Every structure is written in C-alpha cells, then in structure tokens.
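The values are calculated or read from the model by the stated rules, or taken from the named source; none is laboratory data. Bear in mind the structure is a predicted one, so any value in this text is a computation, not a measurement. All Cβ positions, glycine included, derive from the backbone under ideal geometry; neighbour counts span all protein chains shown.
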Amino acid sequence: MASVVKRAVVIGGGIGGLCTAIGLQQAGVEAVVYEQAERLSQVGAGLTLWANAIKALRKLGLADAVINTGAKIERGEIRTADGRTLSRSEQGELEQLFGEPTIAIHRADLHDILLSALPTGTLRLGARCVRLEQDEAGAATHFSDGQTDRADLIVGADGVNSVVRKQLFPDLKLRYSGYTAWRGVVATRDEAALGTTNESWGCGSRFGFLRIDRERVYWFATANTPAGQMLTAAERKSHLQARFKGWHHPIEMLLASTDADEILQNDIYDLEPVKRWGVGRIILLGDAIHPTTPNMGQGACMAIESSVVLTRSLAQESTLPTALRRYEAERMPRTAWITEQSWRFGRIGQWGNPLACAMRNLMIRLTPDSVMKKTLAKAVGYEL
Ligand SMILES: Cc1cc2nc3c(=O)[nH]c(=O)nc-3n(C[C@H](O)[C@H](O)[C@H](O)COP(=O)(O)OP(=O)(O)OC[C@H]3O[C@@H](n4cnc5c(N)ncnc54)[C@H](O)[C@@H]3O)c2cc1C
C-alpha cells in the first residue's frame with residue numbers, strides 16, 4: 001500500500017533513525033537521514049536485542065544478518081558482587097516460546113547492517129538540525145551550516161537530548177535516574193567472560209557482561225552519582241578498577257583489559273511517558289520521545305519497533321494526521337510500560353543501603369521463576 005507521504009526527512013542517524021529510513025524506503029517513500037556527527041563511530045558498546053526487536057528487524061528484512069553477526073544469548077544470571085547466583089534465566093526458552101533469539105551485538109556491527117540496507121546518499125553526515133518550521137504544505141528543517149531541507153514529514157529520531165522534542169514540547173523535562181553508566185568492549189579468551197550473560201548487583205553499583213561475538217565481550221557498570229559528574233577518559237578506568245575491586249571473576253580482568261580511551265560514560269535519564277509525540281507534520285521516535293533506562297535492555301528495541309509501526313501506519317492510513325495519531329496510540333502504552341518497569345528495576349538494582357541490599361537479594365532469590373518470566377514475556381513476546 002502506498003504511504004501517505006512522498007518524501008520524509010529523518011533527523012538522527014542512530015538505530016531508530018536508520019530503521020525508520022529503511023522502512024520508509026521499503027514503502028516507496030523518498031527518505032533522507034541527517035546526522036550531526038561527521039562520521040559514525042560507535043566504539044566501546046554492545047547491545048542486547050531481544051526477540052521483540054528481532055521480530056521487528058525481520059519485518060525490515062534484517063533479522064538474519066543481525067542473528068548471524070551477533071551472539072545468541074542462551075542464559076543469563078543475576079549474581080552478588082562476590083559471585084553468588086541470585087537468579088537464572090534461560091533465554092533459549094524464550095526463543096522456543098517467541099520464535100526469535102536474544103542477540104547481543106556490537107553497535108558498530110548493527111550500524112553497518114542498517115547502513116548497508118540504505119542506498120548511498122541516504123545518510124548525510126555533519127548536518128546538525130537546529131530548528132524546524134512547518135505549514136500546511138510541508139515541513140522544513142534548518143541546519144547549523146545554514147542549509148535547509150523540506151519534506152511532507154519530519155521524523156525526530158535525534159536521541160534523548162532531542163532538539164526536535166525541545167522545539168515541539170519545550171516543557172518536557174528528562175528525569176535523572178540517580179546513576180551513571182560506563183561501557184566497554186574487550187577481546188578475550190576467558191571462558192567465564194564468554195560464557196553466561198551476567199549482571200552482578202552490589203550496593204549502589206552493578207556490573208554486567210555479555211559476549212557479543214566469538215571473541216568480544218561487552219561490559220557495563222553503574223554507580224549512584226549526582227547528575228553531570230563526568231569523569232575524563234583518563235580517570236574512568238582507574239575509578240572503575242577501584243570501585244569494582246574484589247568483585248567476582250572476570251570483572252577485574254575485564255576492566256584491566258579495556259582500553260581506557262574507549263570507556264564510555266552516560267548519565268542515565270528517561271522521560272515520564274507522554275501521550276502526544278508530534279505536532280502537525282513533525283513526529284518523534286526512539287529515545288527522542290520514549291527514552292528508557294537501560295535496565296531491561298529495551299531502548300533500542302523500542303526504537304526499532306516504533307520505526308516499524310510508524311512506517312506501517314503511514315502505509316495503512318489515508319491521511320497523515322490519522323497515521324500519526326495511530327502510531328502514537330499504538331506505541332504509547334507499550335513504551336510507557338517498558339519505561340516505568342525499567343525505572344523500577346533500576347531503583348531496586350541501585351539501592352545503596354547494605355541492609356536493603358541484603359533484603360533485595362533475598363527477595364530475588366525467593367521470587368518464583370514464573371514471576372520473572374511473566375514480565376519478560378510481556379516485554380519480549382510482543383507481537384507488532
Ligand atoms: C548504558 C546503556 C546501555 C544500553 N543497553 C541497551 C540494550 O542492551 N538494548 C537496547 O535495546 N537498548 C539499550 N540502550 C538504549 C539504546 O542505546 C537507545 O535506546 C538507542 O540507542 C536509541 O536509539 P535512537 O536512534 O532513538 O537514539 P540515538 O542512538 O541516541 O541516536 C540519535 C542520533 O541523532 C543524532 N542527533 C542528535 N541531535 C541531532 C541533531 N540536532 N541533528 C542531527 N542529528 C542529531 C545523534 O548524533 C545520534 O546519532 C542502552 C543505553 C545505555 C545508555
């Protein structure tokens with residue numbers, strides 16, 4: 001079915017923006033993506049793509065490429081800092097239930113797969129959107145170098161600090177989670193690191209690691225901190241080594257083996273869910289409107305799902321306003337549930353009081369598997 005738009009401009013060449021452009025082009029829409037970065041560099045980070053995201057990628061024709069490039073996650077564990085197991089989950093079972101695996105992949109590899117699905121010239125680098133305007137006939141985006149472009153639709157997929165969102169909804173304020181996160185990628189032969197996916201909970205800090213291919217492991221670490229206390233690249237490694245000293249194997253080894261210059265740091269923010277995601281011919285997608293804390297590993301998965309729903313609504317509705325309102329109505333409850341659930345998991349995971357942490361750990365040990373599986377099934381078993 002033909003889309004209600006002929007030409008679309010996507011702001012932001014992240015996972016959400018690229019998937020949107022792919023979906024739009026597959027629906028016959030002329031789509032271009034403007035990305036502020038001069039070049040796409042995605043060092044130091046991996047990503048978990050759950051079955052729900054793999055299903056969405058299958059609709060874009062990209063699931064097999066992602067499955068074949070990344071690593072299948074078969075099982076995961078939550079442990080204490082000294083390595084005692086609090087809970088185990090079998091991701092392999094989820095594949096049987098929902099028909100797609102859970103995949104961990106390097107972000108750069110995912111980007112390459114998405115980019116290879118777009119004709120040369122679709123992605124325009126070094127283009128920072130600074131302002132938008134619209135009238136009945138179209139919408140225009142203005143860039144910092146004075147250039148402009150005009151289209152029937154503008155999709156703001158410009159991430160958690162979205163310029164597009166700030167222009168459309170200046171009153172919306174991000175919510176700081178109370179913790180910061182560091183990430184890194186290490187090449188290793190250590191079997192413990194390449195084996196079971198792991199998240200270890202201390203008091204006010206967590207450390208997780210998972211294999212992203214045959215020889216690389218992605219790790220992440222969190223700590224309760226006031227917003228904005230960013231460490232320099234040089235400080236990050238020694239800070240983390242001191243903070244996670246004595247944690248179970250292979251945590252110290254992973255930190256010691258990580259190139260200090262490639263450790264990323266992000267303060268973790270989300271946005272309390274809102275119902276309206278666009279105005280007129282401008283619509284938001286991904287972290288620009290439904291950013292979520294990373295506790296469920298669902299932020300990028302949500303962006304991919306949203307891209308599929310947006311392009312489908314544009315193809316199935318007969319007017320732009322009905323297509324955009326349908327997209328919001330379909331996506332809002334789903335992303336709101338993930339955002340709030342993930343926020344709650346993060347609060348509990350980051351408890352800093354030792355007594356509360358001991359209670360939490362006991363609670364996790366005693367929680368029946370079925371309770372965890374129910375939440376996971378709602379997140380992962382979603383049908384688009
Ligand atoms: C520590 C951590 C771990 C995570 N782990 C996972 C996980 O395991 N699984 C998962 O699904 N998600 C995870 N996420 C979330 C995931 O990274 C995001 O949800 C996802 O990247 C959102 O994609 P996006 O395309 O909406 O935004 P982004 O990836 O932020 O992309 C936005 C793009 O827009 C560009 N841009 C910004 N402003 C402008 C402008 N004015 N003009 C032009 N371009 C602009 C940016 O340069 C960027 O390239 C994690 C996040 C963090 C912080």
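Condition check: at pLDDT below 95, among the aliphatic types (A, V, I, L, M) and closer than 20 Å to Gly46 by Cβ. Does Ala223 satisfy that? Full working, then the answer.
Working: at pLDDT below 95: no; among the aliphatic types (A, V, I, L, M): yes; closer than 20 Å to Gly46 by Cβ: yes.
Taking the combined requirement at face value, the residue does not satisfy it.
May I ask you to verify whether Leu254 is aliphatic (A, V, I, L, M), touching a His at 6+ places or on another chain (Cβ under 9 Å) and within 16 Å of the ligand (Cβ to nearest atom)?
no
Could you identify the single residue in Arg326, Arg347, Arg312 that is in a helix (DSSP H, G or I) and within 26 Å of Tyr218 (Cβ to Cβ)?
Criteria check complete, one pass: Arg347.
Looking at Ala139, Ala127, Ala117 in this structure, which one is closer than 27 Å to Gln26 by Cβ and in contact with a Lys or Arg (Cβ under 6 Å, 6 or more places away or on another chain)?
Being closer than 27 Å to Gln26 by Cβ and in contact with a Lys or Arg (Cβ under 6 Å, 6 or more places away or on another chain) holds for just one of Ala139, Ala127, Ala117, which is Ala139.
So, Gly92, is that one away from the ligand (no atom under 15 Å from the Cβ) and either more than 17 Å from the chain's Cα centre (by Cα) or over 19 Å from Thr196 (Cβ atoms) (or both) or not?
Considered against the rule, which asks whether it is away from the ligand (no atom under 15 Å from the Cβ) and either more than 17 Å from the chain's Cα centre (by Cα) or over 19 Å from Thr196 (Cβ atoms) (or both), Gly92 comes out as yes.
Are there any pairs with C-beta distances below 6 angstrom linking a residue in the stretch 279-308 that is under 19 Å from Leu132 (Cα atoms) to a residue that is of a type in the set (D, E, K, R) and assigned to a loop (DSSP other than H, G, I, E, B), with the two at least 6 apart or on different chains, and if so which?
Note: pairs meeting the criteria are Ala288/Asp158.
So, of the residues in the stretch 148-179 that are within 12 Å of the ligand (Cβ to nearest atom) and part of a loop (DSSP other than H, G, I, E, B), which turns out to be surrounded by the most Cβ atoms within 10 Å (Cβ to Cβ)?
Step by step, filter the stretch 148-179, then rank; the result is Ala157.
Hey, any hits in the stretch 58-72 for a residue that's within 13 Å of the ligand (Cβ to nearest atom), among the β-branched types (Val, Ile, Thr) and under 28 Å from Ala193 (Cβ atoms)?
The answer is yes, given that some residue of the stretch 58-72 is within 13 Å of the ligand (Cβ to nearest atom), among the β-branched types (Val, Ile, Thr) and under 28 Å from Ala193 (Cβ atoms).
This table checks each residue for (1) part of a strand (DSSP E or B); (2) acidic (Asp, Glu); (3) surrounded by fewer than 15 Cβ atoms within 10 Å (Cβ to Cβ).
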position	(1), (2), (3)
Gly208	yes, no, no
Asp213	no, yes, no
Pro226	no, no, yes
Glu272	no, yes, yes
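Return yes when Arg165 is modelled with pLDDT of 95 or more and touching a helix residue (DSSP H, G or I) at 6+ places or on another chain (Cβ under 7 Å) and no when it is not.
When the stated conditions are applied, Arg165 passes them.
Show the residue pairs meeting these rules: Cβ distance below 8 Å; 6+ apart or different chains; first residue within the stretch 128-149 and among the hydroxyl-bearing types (Ser, Thr, Tyr); second residue more than 15 Å from the ligand (Cβ to nearest atom).
Listed by first residue and then by second, the contacts come to Thr141/Arg150.
Would you mind finding the one in Ile113, Ile103 that is over 27 Å from Ala260 (Cβ atoms), among the hydrophobic types (A, V, I, L, M, F, W, C) and away from the ligand (no atom under 14 Å from the Cβ)?
The match here is Ile113.
Check off (1) crowded, with 23+ Cβ neighbours inside 10 Å; (2) in a helix (DSSP H, G or I); (3) within 13 Å of the ligand (Cβ to nearest atom) for Ala108 and give me the number that stays unchecked.
The single condition Ala108 does not satisfy is (1).
Could you please find all residues in the stretch 183-201 being under 22 Å from Asn353 (Cα atoms) and either out of contact with any Phe, Trp or Tyr (no Cβ under 7 Å at 6 or more places or on another chain) or surrounded by fewer than 22 Cβ atoms within 10 Å (Cβ to Cβ) (or both)?
Glu199, Trp201
If I filter the stretch 6-24 down to residues being crowded, with 19+ Cβ neighbours inside 10 Å and away from the ligand (no atom under 12 Å from the Cβ), which single residue comes out as farthest from the chain's Cα centre (by Cα)?
My answer is Ala8.
Any idea which of (1) surrounded by fewer than 18 Cβ atoms within 10 Å (Cβ to Cβ); (2) part of a helix (DSSP H, G or I); (3) of a type in the set (Asp, Glu); (4) modelled with pLDDT of 95 or more is the one Asp261 doesn't satisfy?
For Asp261, the failing item is (4).
Write out, first by first residue and then by second, each pair whose Cβ atoms fall under 6 Å of each other, whose residues are 6+ apart or on separate chains, and whose first residue, in the stretch 187-205, is over 17 Å from Thr85 (Cβ atoms) and in contact (Cβ under 8 Å) with a residue 12 or more places away in the chain while the second is among the aliphatic types (A, V, I, L, M) and not in a loop (DSSP other than H, G, I, E, B).
Thr188/Val217; Ser205/Ala223
One residue is enough: does the stretch 32-47 have a residue meeting the conditions touching a residue at least 60 places away in the same chain (Cβ under 8 Å), farther than 15 Å from Ala108 by Cα and among the β-branched types (Val, Ile, Thr)?
For the stretch 32-47, residues touching a residue at least 60 places away in the same chain (Cβ under 8 Å), farther than 15 Å from Ala108 by Cα and among the β-branched types (Val, Ile, Thr): present.
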